[in-house]
Amino acid sequence: MLLSLKKNMRYMDEKLFVEYTKQCAKKINEDSRYDIFGIVMTLSGLLLEYANAVEVNISEALDINRIKTYIDDRNIDGFMKLIVQLTAQIKCDVISRKTTKSNEILTNILDYIENEFNNPQMSMDLVCEKFHISVSYLSTLFKKETDTTFNKYLVSKRIDHAKHLLATTEEQNGNDCRTMWV
């Protein structure tokens, strides 16, 4: 049972992990070979493995003195509450990290578009290739964070630039606008 968990930990969400640890605790508790020490240590190990799998450090929150308190008090329910709390903390850390990374990627993409919007080859495929992301991810990220689509954003950039050129240049208006691919 523990080996199957370790194989899939990286893909578990908070609810699945908590449910799994509850099932483990129940099975361990029913097995007369385990005492409270075995239950708490096994579940602590599972939680640390889960945190490591999603690259979150919880070692300070789950230190040996805290674990010892639950063992000494024979408080498996309190320990299960701690597991639920720490699992929620892990989830928040993972979400925060993903959000930060997404914002960083989008900022870099917007900077790239700002500098390269007049490139006639500019497309979602080109941006995705440059930033090593999928078209689906770019599309979702762009819509979520800018409230518009990539293509609408790009066309809008080009139109705004063409308007600026029309307003500021009299002699080369036709040539400048054609170079913008509008």
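3J(HN,Hα) along the stretch 122-134, derived from phi through the Karplus expression 6.51 cos²θ - 1.76 cosθ + 1.60 where θ = phi - 60°, amounts to 4, 7, 4, 4, 5, 5, 5, 5, 5, 9, 6, 10, 7 Hz, with x in place of Gly and Pro. Stretching the chain fully between residue 81 and residue 99 yields a gain of 3.8 nm (0.36 nm per residue, less the alpha carbon separation).
Each residue of the stretch 136-143 is assigned a 3J(HN,Hα), and the resulting list reads 4, 5, 4, 4, 5, 4, 4, 5 Hz, derived from the Karplus form 6.51 cos²θ - 1.76 cosθ + 1.60 (θ = phi - 60°), x at Gly and Pro.
With an a/c value of 1.5 or above and a/b larger than b/c for the gyration tensor axes a ≥ b ≥ c computed over the alpha-carbon atoms, the stretch 59-112 is described as prolate. Backbone geometry of the stretch 79-90 corresponds, through the Karplus equation with coefficients 6.51, -1.76 and 1.60 at θ = phi - 60°, to 3J(HN,Hα) couplings of 5, 5, 5, 4, 4, 5, 5, 5, 5, 5, 5, 4 Hz, x marking Gly and Pro. Taking 0.36 nm per residue of sequence separation and removing the Cα-Cα distance, the residue 159/residue 41 pair yields an extension gain of 36.2 nm. Counting only Cβ charges, +1 for Lys and Arg and -1 for Asp and Glu, the dipole size of the stretch 73-137 around its Cα centre is about 420 debye.
Read-outs throughout are calculated quantities, based only on the coordinates presented, and are distinct from any laboratory measurement. Keep in mind that what you see is a predicted model, and the values were worked out from it rather than measured. Virtual Cβ from ideal backbone geometry, glycine too; neighbours counted across all protein chains shown.
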